[in-house]
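One structure is given below, encoded as structure tokens.
The values are calculated or read from the model by the stated rules, or taken from the named source; none is laboratory data. Model, not experiment: these values are computed from the prediction. Glycine gets a Cβ as well: all are built from the backbone with ideal geometry, and neighbour counts include every protein chain shown. The protein model used for the area step is the full one, side chains on, heavy atoms only, and it has no ligands, DNA or RNA in it. Shrake-Rupley method; radii C 1.70, N 1.55, O 1.52, S 1.80 Å.
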Amino acid sequence: MFGLGSKDVGIDLGTANTLVFIKGKGIVLREPSVVAKNVQTGDIVAVGNDAKNMIGRTPGSIVATRPMKDGVIADFETTTKMIEYYLKEAQKASGGSWKKPNVMICVPYGITSVEQRAVIDASRHAGAKDAFTIEEPFAAAIGANLPVWEPTGSMVVDIGGGTTEVAVISLGGIVTSESIRVGGDAMDGAIITYIRKTYNLTIGERTAEQIKIEIGSAKVADKPEKMEIRGRDLLTGLPKTIEISSEEIAEALKEAITAIVDGVKKTLETTPPELSADVMERGIVLTGGGALLSNLDKVISEQTNMPVFIADDPLDCVAIGTGKALDNFDVIKKQQAR
Ligand SMILES: Nc1ncnc2c1ncn2[C@@H]1O[C@H](COP(=O)(O)OP(=O)(O)OP(=O)(O)O)[C@@H](O)[C@H]1O
């Protein structure tokens, strides 16, 4: 019933990172979802890590973009090229013979059928024999080892780059969910805005992400931290170094955190009582890179009165779940036909 070849591929096409999973091998590739393009010729200059290093550093003719920004396919042609690149890399990583693989591709929940079609077409165009989609929170829950096929409620909050997806799952299906267009990117954006407004200093996306990872938190711990950052002074136009504190960054992140917490609360409000009781017992599980934001688990727990846990390897959950779903291909296929 699960008769797929061993080289079938699962792709977590995230807004921030793309992970490729090969059945029997695990995660073979993990690169940023960035493409650098020559705007004059339309040629792809670099994909993944190489392209990310070009962000903010490209000459006029080269533009580094994130085709999956905001959780949906913003640019079909580039996304196709990107999937082509990842399948080629997967082929290299798999070694030996390579037939056209079946591809399970993870998409944000709430993606329209047109967008879903676009992802499938892009995968086929990029060399997949056949392609199916799996919804991100479902894949995240499988990857976090939640009992998704059982008649019990499991709640997952997947905090990615572009979106946060909250879902309650039972008996192999999503019972209730929320998708919020707030995730790690919005946090980075909030840090950029805060530093510009407070210090008249412009910083780039990469610096903002670094600040978030190093000293960002949903709630400041007892011992605040400090960090030196470099940017461009808006008044003089010259480079300048300032010191910022974790308290300031927590303040900057407040709005994004509130949006995430509200999404969780809203989902809980629409969860049938039996399933709420299950979630209360088992706790809410956080996945996605945003789950690593310091104290986010504590804040969600305080605001919902529910136990909250961070999944093991939160950045890998979706890819692992997508890969594991290849084992339940028929079931997923049937679900899609519904
Ligand atoms: N230690 C950390 N603290 C806070 N945020 C982090 C940390 N590590 C990674 N992130 C953030 O996690 C986000 C990426 O997460 P992930 O790879 O799960 O997203 P994605 O799956 O690509 O996005 P999406 O789910 O929106 O498609 C980025 O915004 C990144 O900055």
**Item:** Among Thr236, Ile203, Leu293 - extreme Cα towards positive end, dipole of region 180-338, charges at beta-carbon
**Value:** Thr236
**Request:** Mind checking the full-extension length gain between Thr41 and Lys298? Use 0.36 nm per residue of separation minus the Cα-Cα distance, one decimal, nm.
**Result:** 87.6 nm
**Complete:** Expressed in square angstrom to the nearest 10, the accessible area of Arg206 with a 1.4 Å probe stands at 90
**Helical contribution to [θ] at 222 nm, DSSP H n ≥ 4, -39,500 (n - 2.57), averaged over the chain, rounded to 500** = -12000 deg cm²/dmol
**Prompt:** Per residue, how much accessible area does the chain have with a 1.4 Å probe, in Å²?
**Reply:** 46
**Asked** Expressed as a rounded percentage, what relative contact order does the chain have, with Cα pairs under 8 Å and six or more residues apart?
**Response** 19
**Item:** Simple spin-label estimate for Asn200 and Val63 in nanometres, 7 Å along Cα-Cβ
**Value:** 3.2
**Prompt:** Could you give the nm distance between label points at Asp130 and Arg181, where each point is 7 Å from its Cα heading toward the beta carbon?
**Reply:** 3.4
**Prompt:** Treating the beta-carbon of each Lys and Arg as +1 and of each Asp and Glu as -1, no other charges, what is the dipole magnitude of the chain about its Cα centre, to the nearest 20 debye?
**Reply:** 1080
**Message:** Quick query: amide H of Ala46 versus all other amide H atoms, modeled in the peptide plane; which residues come in under 5 Å with a sequence gap of 5 or more or a different chain?
**Reply:** Ala36
**Among Thr80, Thr15, Thr193, residue whose mean-square fluctuation peaks in a GNM of the chain (springs only between Cα atoms under 10 Å)** = Thr193
**Asked** Roughly how big is region 184-252's charge dipole about its Cα centre, with Cβ charges of +1 (Lys, Arg) and -1 (Asp, Glu), in debye to the nearest 20?
**Response** 220
**Asked** By the scheme Lys and Arg +1, Asp and Glu -1, what is the net charge of all other residues having a beta-carbon under 13 Å from that of Ser294?
**Response** -1
**Asked** For Val182, which sequence-distant residues (separation of 5 or more, or a different chain) have an amide H within less than 5 Å of its own amide H, given hydrogens modelled in the peptide plane?
**Response** Thr164
**Charge sum, other residues only, whose C-beta stays under 15 Å from Asp316's C-beta, Lys/Arg counted +1 and Asp/Glu -1** = -3
**Request:** Heavy atoms only, probe 1.4 Å: what % of the accessible area of the chain goes to carbon and sulfur, would you let me know?
**Result:** 49
